[in-house]
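Since the structure comes first, as structure tokens, the remarks are kept for the end.
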Amino acid sequence: MKLLIAIVQDADANFLMDSLTDKRYRVTKLATTGGFLREGNTTLLIGIEEENLDEVKQIIEDNCKKRTTQSSVINPTADSPLLATSAPVDVNVGGATVFILDVDQYIRI
Ligand code: 2BA
């Protein structure tokens with residue numbers, strides 16, 4: 001069994017969850033925050049049998065879009081608060097960041 005930890009953009013999360021649950025995959029949604037942008041994103045925990053890995057990766061790819069967002073980058077080591085944020089810069093985000101882990105045991109009691 002595999003556990004996918006998929007970090008996706010909020011705008012894609014519901015469509016992705018619908019596509020997964022339509023195919024009877026089990027999924028848990030967590031509200032998370034990216035360390036770089038300090039903006040909300042969504043992390044999905046998806047436990048699957050190994051034979052379904054390719055299909056689930058394809059569903060994630062089909063639902064998660066690459067986007068460009070503008071953000072001011074925070075420099076916590078700046079000498080003054082006025083210098084701590086840069087002018088807005090373009091940041092490319094997504095489609096999805098996916099960690100794939102082997103599951104030792106899966107128990108539903
Ligand atoms: P954030 O950390 O908010 O990052 C948003 C986007 O900012 C990233 O998109 C990437 O394009 C850019 N970025 C991140 N760190 C950067 C840096 N040190 N220098 C320049 N640009 C940087 P994605 O790569 O698509 O990542 C989207 C979100 O996925 C991340 O949000 C973070 O929450 C998560 N993520 C990505 N890689 C991760 C990792 N290795 N470990 C844990 N979480 C990760």
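The values are calculated or read from the model by the stated rules, or taken from the named source; none is laboratory data. Treat the numbers as computed from the prediction; the structure is a model and nothing was measured. So basically every Cβ, Gly included, is an ideal-geometry build from the backbone, and we count neighbours across all protein chains shown.
Could you say whether any residue in the range 15-30 is modelled with pLDDT of 95 or more and in contact with a Gly (Cβ under 8 Å, 6 or more places away or on another chain)? Yes, the range 15-30 contains a residue that is modelled with pLDDT of 95 or more and in contact with a Gly (Cβ under 8 Å, 6 or more places away or on another chain). Could you go through the range 12-20 and let me know if any residue there is exposed (fewer than 13 other Cβ atoms within 10 Å of the Cβ) and touching a strand residue (DSSP E or B) at 6+ places or on another chain (Cβ under 7 Å). The answer is no; no qualifying residue exists. All of (1) away from the ligand (no atom under 16 Å from the Cβ); (2) in a loop (DSSP other than H, G, I, E, B); (3) over 30 Å from Lys23 (Cα atoms) hold for Gln105 with one exception: (3). Is it true that Glu55 is free of Cβ contacts under 8 Å to residues at least 40 places away in the same chain, in contact with a Lys or Arg (Cβ under 8 Å, 6 or more places away or on another chain) and more than 13 Å from the ligand (Cβ to nearest atom)? The answer is yes for Glu55.
Just so you know, in the range 78-97 the residues that are within 14 Å of the ligand (Cβ to nearest atom) and assigned to a loop (DSSP other than H, G, I, E, B) include one that is modelled with the lowest pLDDT, and it is Ser86. Taking the stated definitions as given, is Lys23 basic (Lys, Arg) and more than 16 Å from the ligand (Cβ to nearest atom)? Answer is yes for this residue. Beta carbons closer than 9 Å, at least 6 apart along the sequence or on distinct chains, pair a first residue in the range 26-51 that is closer than 20 Å to Asp102 by Cα with a second that is aromatic (Phe, Trp, Tyr) and away from the ligand (no atom under 12 Å from the Cβ) for Ile46/Tyr25; Gly47/Tyr25; Gly47/Tyr106; Ile48/Tyr25. Checked against the criterion of being over 13 Å from the mean Cα position of the chain (by Cα) and under 21 Å from Asp104 (Cα atoms), the candidates Leu3, Leu20, Leu44 yield just one match: Leu3. Once the range 28-44 is narrowed to residues that are of a type in the set (A, V, I, L, M, F, W, C) and within 6 Å of the ligand (Cβ to nearest atom), the residue that is surrounded by the most Cβ atoms within 10 Å (Cβ to Cβ) is Leu37. Which one is surrounded by the fewest Cβ atoms within 10 Å (Cβ to Cβ), of the residues in the range 45-69 that are of a type in the set (Val, Ile, Thr) and part of a helix (DSSP H, G or I)? For the range 45-69, the residue satisfying everything is Ile59.
Among the residues of the range 25-44, those identified as over 20 Å from Glu55 (Cβ atoms) and part of a loop (DSSP other than H, G, I, E, B) are Gly34, Gly35, Phe36, Leu37, Arg38, Glu39.
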